[in-house]
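I have placed the structure first, in the form of structure tokens, so that the comments after it can refer back to it.
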Amino acid sequence: MRVASLPLVSSAYDMVSTAYASTKESHPYVKSVCDAAEKGVKTLTAAAVSGAQPILTKLEPQISTANEYACKGLDKLEEKLPILQQPPEKYGLGALCPRRTPRYR
């Protein structure tokens, strides 16, 4: 979840999410296909999660260790690249900020 909270990643997600929602609203046929695909993905995800739960429980210590290493790596990356903590518009990446860019309103 830490990666998703980085401003650049968060803004990119917002941009894609806005484009997806806008496309669904503008094109009824695309909306019906996307709705069916979303329903299928939700069903498959629920089945996969329930089936994988025993394996995840067994692997919890290894997953926790991997998470710790990933967090330490992200800490180092954030130290070396402070731009990761800055809002994208500060570096001329306003297109990745749909809520703040007039083009996406």
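What net charge do the residues around Asp75 carry, taking every other residue with its C-beta under 13 Å from that of Asp75, with Lys and Arg at +1 and Asp and Glu at -1?
On the way: positive: Arg2, Lys72, Lys76, Lys80; negative: Glu68, Glu78, Glu79.
Residues near Asp75 contribute +1 overall.
Measuring nothing but how far apart in sequence close Cα pairs (under 8 Å, 6+ apart) lie, relative to its length, the chain scores a relative contact order of 45 percent.
Per residue of the chain, what 222 nm ellipticity follows from adding -39500 (n - 2.57) for every DSSP H run with n ≥ 4, rounded to the nearest 500? Let's see the in-between values first.
Values: 2 runs with 73 residues, N = 105.
One gets -25500 deg cm²/dmol as the mean residue ellipticity at 222 nm.
Using the average count of surrounding beta-carbon atoms within 10 Å as a protection proxy, the listed peptides 51-64, 4-17 rank, highest first, as 4-17, 51-64. Calculated FRET efficiency, Lys31 to Glu89, Cβ-Cβ distance, R0 = 30 Å: about 0.45 to the nearest 0.05.
Which shape class applies to the chain: rounded if a/c is under 1.5, otherwise prolate when a/b exceeds b/c and oblate if not, where a ≥ b ≥ c are the square roots of the Cα gyration tensor eigenvalues?
Numbers: a/c = 5.52, a/b = 1.07, b/c = 5.17.
Because a/c hits 1.5 or more and a/b fails to exceed b/c, the chain counts as oblate.
Each value in this text was obtained by applying a stated rule to the coordinates, not by laboratory testing. Keep in mind it's a predicted model, so treat the numbers as computed, not measured. Cβ coordinates were reconstructed from backbone atoms using ideal geometry, including for glycine residues, and neighbour counts include every protein chain displayed.
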